[in-house]
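Okay, so here's the structure we're looking at.
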Amino acid sequence: MARPHSVDCPAKINLYLDVLGRRPDGYHDLVTVMAPVTLCDTISVEPARRRDVLEVDPAGAAPVGPDNIVLRALRSLRAVRRVPPLRIRLTKRIPSQAGLGGGSSDAAGLLRAADRRLSLGLTLAEMENILASVGSDTAFFARGTPALCTGRGERVYPLARAPSLELVLAWPGTPNPTGEIFRKFKHSLTPDPSKVIDFLQVLAEGNPLRIARSLVNRLEPAAFAWDPGLRRVPAALRSRGLSGARMTGSGSAFYAVAATRAEADRAARRLEGRVFRVRTIAPVGRA
């Protein structure tokens with residue numbers, strides 16, 4: 001029997017995140033710029049004998065029942081392709097409920113791995129449609145490149161120009177429930193969707209420190225209201241000479257930007273707790 005096919009499932013960070021308002025369906029309209037980073041889960045698939053099997057390592061790092069987003073993506077895949085029972089092995093490294101998109105990335109990884117292992121011939125549009133049906137930010141992970149996303153996150157516009165940023169990522173070890181953070185969110189500023197254009201120009205220019213000064217996450221005050229202790233995380237990043245120190249998504253992880261690789265390495269060594277030394281993944285052809 002052929003070997004299982006494995007793929008990496010990168011986390012993401014939000015470089016820019018504005019909340020425009022609540023929709024009739026209960027979701028919020030967003031304008032966000034996301035970038036994949038080099039912290040990854042790994043997923044592998046191979047045909048199973050009788051039924052689907054999901055194994056997670058380490059045990060307990062993600063649920064294995066039918067509500068797992070990977071299994072929901074598999075059910076949606078079967079609506080467009082014939083797929084035999086699968087044995088799925090998921091190795092988790094991305095913290096859950098941290099604003100890093102780990103579950104969504106795993107769902108995209110399942111589609112890529114199954115497509116390659118079983119020669120399903122999925123198109124990019126099919127993958128994006130399947131992923132949009134199972135989560136708000138999942139379609140972003142179909143391409144694995146920095147993108148502007150709108151709607152509830154399901155409309156994805158890949159960016160041609162974005163640098164690879166040297167980052168330090170810090171996770172406090174506690175989850176931020178996304179629904180609770182949005183319930184705490186209050187519009188203190190009038191949303192201006194056009195401001196993202198200015199940010200995209202700064203991003204395209206590629207100066208890491210200018211990008212750091214331009215980072216936006218309108219959900220931060222809501223997260224601090226939910227858990228005031230979170231303020232210690234960006235403070236610790238800044239205390240090591242890093243710039244920006246912004247929350248990703250609805251938290252609870254924060255990241256900060258370094259001017260150089262050596263500066264990021266040095267800062268990561270000096271920080272305590274759950275610290276990840278990562279960089280953003282640039283569009284193909286960009287360094």
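For the pair R75/I197, report the inter-label distance in nm, with labels modelled 7 Å from Cα in the Cβ direction.
4.3
How big is the accessible area of K184 in square angstrom, nearest 10, if you roll a 1.4 angstrom probe over the protein chains?
In the full protein context, K184 sits at about 90 Å².
Using a simple charge model, +1 on the beta-carbon of Lys and Arg, -1 on the beta-carbon of Asp and Glu, nothing else, what dipole does the chain show about its Cα centre, in debye to the nearest 20? Intermediate values should be presented prior to the final figure.
Numbers: 43 positive and 26 negative charges, 87 e Å.
Dipole about the Cα centre, nearest 20: 420 debye.
Carbon and sulfur: what percent of the chain's accessible surface (1.4 Å probe)?
Within the chain, the accessible surface is 50 percent carbon and sulfur.
Given Cβ point charges of +1 (Lys, Arg) and -1 (Asp, Glu) and nothing else, what value in debye, to the nearest 20, does the dipole of region 11-52 about its Cα centre take?
220
Name the residues whose placed amide hydrogens come within less than 5 Å of the amide hydrogen of D57, ignoring near sequence neighbours (fewer than 5 apart) on the same chain.
The answer is L90, T91, K92.
Taking a ≥ b ≥ c as the square roots of the eigenvalues of the Cα gyration tensor of region 59-160, is the shape rounded (a/c under 1.5), prolate (a/b larger than b/c) or oblate?
In terms of gyration-tensor shape, oblate.
Straight distance only, please: which lysines reach the Cα of K92 with their own Cα at less than 16 Å, same-chain residues fewer than 8 apart left out?
Of all the lysines, those that pass the test against K92 - Cα under 16 Å, at least 8 places apart if same chain - are K12.
Each residue of region 229-236 in turn: what ³J(HN,Hα) in whole Hz from Karplus with 6.51, -1.76, 1.60 and θ = phi - 60°, glycine and Pro shown as x?
With the stated coefficients, region 229-236 comes to x, 4, 4, 5, 5, x, 5, 5 Hz.
Keeping all protein chains in place, calculate the accessible area per residue for region 123-262 (probe 1.4 angstrom), answer in Å².
44
Please state the Cα pair-distance histogram of region 156-287 with 10 angstrom bins from zero: what percent is in each bin?
12, 39, 36, 13, 0
The values are calculated or read from the model by the stated rules, or taken from the named source; none is laboratory data. Computed from a prediction, not measured in an experiment: that's the story for all the values here. Positions of Cβ are backbone-derived with ideal geometry, glycine not excepted, and every protein chain shown enters the neighbour counts. Protein only, heavy atoms only, side chains kept; ligands, DNA and RNA dropped before computing areas. Shrake-Rupley method; radii C 1.70, N 1.55, O 1.52, S 1.80 Å.
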